[in-house]
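A short write-up of the structure that comes next.
The values are calculated or read from the model by the stated rules, or taken from the named source; none is laboratory data. All of these numbers come straight from a predicted model, not from anything done at the bench. All Cβ positions, even for glycine, are placed from backbone atoms using ideal geometry, and neighbour counts span all protein chains on display. With ligands, DNA and RNA removed, areas are computed over all heavy atoms of the protein, side chains included. Shrake-Rupley method; radii C 1.70, N 1.55, O 1.52, S 1.80 Å.
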Amino acid sequence: MEDKLIIAVANVPVLYDCTLFTYRDLNRRNQAWREVAETVGETDNVCKKRWKSLRDRFRKEKNMEKEAKRSGAGSAGGYKPWRFMAVMGFLTPFIIDRETSSNVPRQTLPPSTLVAEEESQVDSESASQSTSQSASSSQPGGEC
C-alpha cells in the first residue's frame, strides 16, 4: 500500500507543494485526496493518516542522514537508509527546517577586545618561544 500511496501523492503536487496557489484551496486538496484514495483502494482518511506518517518518517530519516554525515560523526554506527528514501526524494525541496531558538543568551565580545586578546596571545607565545630557543642554544648538547 505504501508504494502505491507514495506514487499517487507524487503525481498530485497540490498535496505537498506549499508554493502552489491551489495548495491553499481546501476543496481542491480534498478532491485530490479522494483521487488518491481511489488509486490506492482505501478511504481518503486512511490515506491521509498513512501519508502523514510516511512524510514524518521521511523528515526524521533526512535528519538522521544529515547527522550521520556531520563532521566528527563516527562511521562505525552504520546508518542504514530507510527503504522509501529514494522514492520519497521528491519531497526534499519542500521540507523546510524551522528556525531554532535558545534560552541561553548569546554573548559576543566587541571586535576591538577580541583583536587585542589575539594579539597579546601571539606576543606572549613568540616571547616564550624565543626565550626557550636562546636557553637551549646556550647549553652544549641541546636537549637534556
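Within the range 6-40, can you find the residues that are assigned to a helix (DSSP H, G or I) and either in contact with a strand residue (DSSP E or B) (Cβ under 8 Å, 6 or more places away or on another chain) or aliphatic (A, V, I, L, M) (or both)?
Ile6, Ile7, Ala8, Val9, Ala10, Val14, Leu15, Leu26, Ala32, Val36, Ala37, Val40
Out of the residues in the range 37-62 that are of a type in the set (A, V, I, L, M, F, W, C) and over 22 Å from Met85 (Cβ atoms), state the one that is most open to solvent (accessible area, probe 1.4 Å). Can you show your working first?
Let us first name the residues in the range 37-62 that are of a type in the set (A, V, I, L, M, F, W, C), namely 37, 40, 46-47, 51, 54, 58.
Remaining after also requiring over 22 Å from Met85 (Cβ atoms): 37, 46.
On the way: Ala37: 9, Val46: 61 Å².
Taking the candidates together, the pick is Val46.
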Quiz item: Given the residues Leu20, Leu5, Leu26, which is the only one that is loosely packed, with under 11 Cβ neighbours inside 10 Å and among the aliphatic types (A, V, I, L, M)?
Solution: Leu26
Quiz item: In the range 30-47, what residues are out of contact with any helix residue (DSSP H, G or I) (no Cβ under 6 Å at 6 or more places or on another chain) and not polar (S, T, N, Q)?
Solution: Glu35, Glu38, Gly41, Glu42, Val46
